[in-house]
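A.B. asks: This is the structure, below, for whatever I ask next.
No value in this document is a laboratory result; all are computed from the given coordinates. Remember, it's a predicted structure, so these values are computed and weren't measured experimentally. Here the Cβ positions follow ideal geometry from the backbone for every residue, glycine too, while neighbour counts run over all protein chains shown.
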Amino acid sequence: MLFGAHDLSFADTFHHQLNEMRVVRVVKMEVVYPDLNILIPNISGFINLRYLELSSFYRGLKLQLPEAICKLYQLHVLDISSFNATTILPKGLNKLVNLRHFMSREELHAQIASVGRLIFLQELMAFDVRKESDFSIAQLENLNGIRGSISIYNLQNLESQEEASKARLRSKLQLNSLRLSWFDMPKSLSSLNIIEGLEPPTCINSGIRRRAAYHCIKKGDKRLI
């Protein structure tokens, strides 16, 4: 199902027809209003939806995804890449347990709480380590399908080398670039302790810059920078 820009009168008429379209598997929509409920107030009813792509009609439009999207349990692709980092994600995005591809700005990847539930996810551009369990480094443990590049921020929030090891990065064999970032490490830890605990895949190697530091690891680079 494809449709472009729309006004309120169109939306009011069209969403009644959408109520009957439960077999839809693909939706590509050009969003005019930030509230998706205006056009599709019952999006959770699209129980067979596999692909949802939302693009912005107006430059700078701030999108707010409704919590109802989190009931699209068969969704494989969610593409909101045309929207900026001010997009508001639903708290329950981790309920999309079959999601393979989340196409968006890096900052939004880092906002997914309990991302470890998305075990089929193939891209995770960023992860923000926090003290809360929903953003603990252990959330990465079972995300062995992620590929390409990932940035892991705020490693100073880790308590120990043992905690760092819970990321199980050595099992993520399809990564080709890894960027680690931290500010001031606690005196009880060193950056090298954390890096050793993280155990990056053996197919990539490493280099360090201190303070708002990036520890950049790229596949094929066998030098320690």
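A.B. asks: Please name whichever of L169, I195, F183 sits farthest to the positive end of the charge dipole of the range 152-204, dipole taken about the Cα centre and charges placed at Cβ: Lys and Arg +1, Asp and Glu -1.
C.D. replies: Checked the options; the winner is L169.
A.B. asks: Quick one: of K71/K172; K28/K71; K91/K172; K62/K131, which pairs are farther than 22 Å apart, Cα to Cα?
C.D. replies: K71/K172; K91/K172; K62/K131
A.B. asks: Another question about this same structure. Tabulate in residue order the Karplus-calculated ³J(HN,Hα) for the range 87-104, using 6.51 cos²θ - 1.76 cosθ + 1.60 with θ = phi - 60°, rounded to whole Hz; enter x for Gly and Pro.
C.D. replies: So the J values, rounded to whole Hz, are 3, 9, 8, x, 5, x, 4, 5, 7, 7, 5, 9, 5, 9, 10, 10, 9, 6.
A.B. asks: While we're here: What does the net charge come to around T86 if you take all other residues with beta carbon closer than 10 Å to its beta carbon, with K and R at +1 and D and E at -1?
C.D. replies: Cβ neighbours under 10 Å give a net charge of +1.
A.B. asks: Amide H of M103: which non-local residues (sequence gap of 5 or more, or other chain) have their own amide H closer than 5 Å, using H built in the peptide plane?
C.D. replies: L78, D79, I80
A.B. asks: Given a cut-off of under 8 Å on Cα pairs at least six residues apart, what relative contact order in percent is computed for the range 103-165? Kindly include the intermediate steps, with their values, before the conclusion.
C.D. replies: On the way: 87 pairs, mean separation 21.8, N = 63.
Across the range 103-165, relative contact order equals 35 percent.
A.B. asks: Okay, moving on. Please rank T202, T87, fewest neighbouring Cβ atoms within 10 Å first, as an exposure proxy.
C.D. replies: If I rank by nearby Cβ atoms, fewest first, I get T202, T87.
A.B. asks: Give the order of V32, V26, V129, V77 when sorted by the count of other beta carbons within 10 angstrom, beginning with the fewest.
C.D. replies: So the ranking, lowest neighbour count to highest, is V26, V77, V32, V129.
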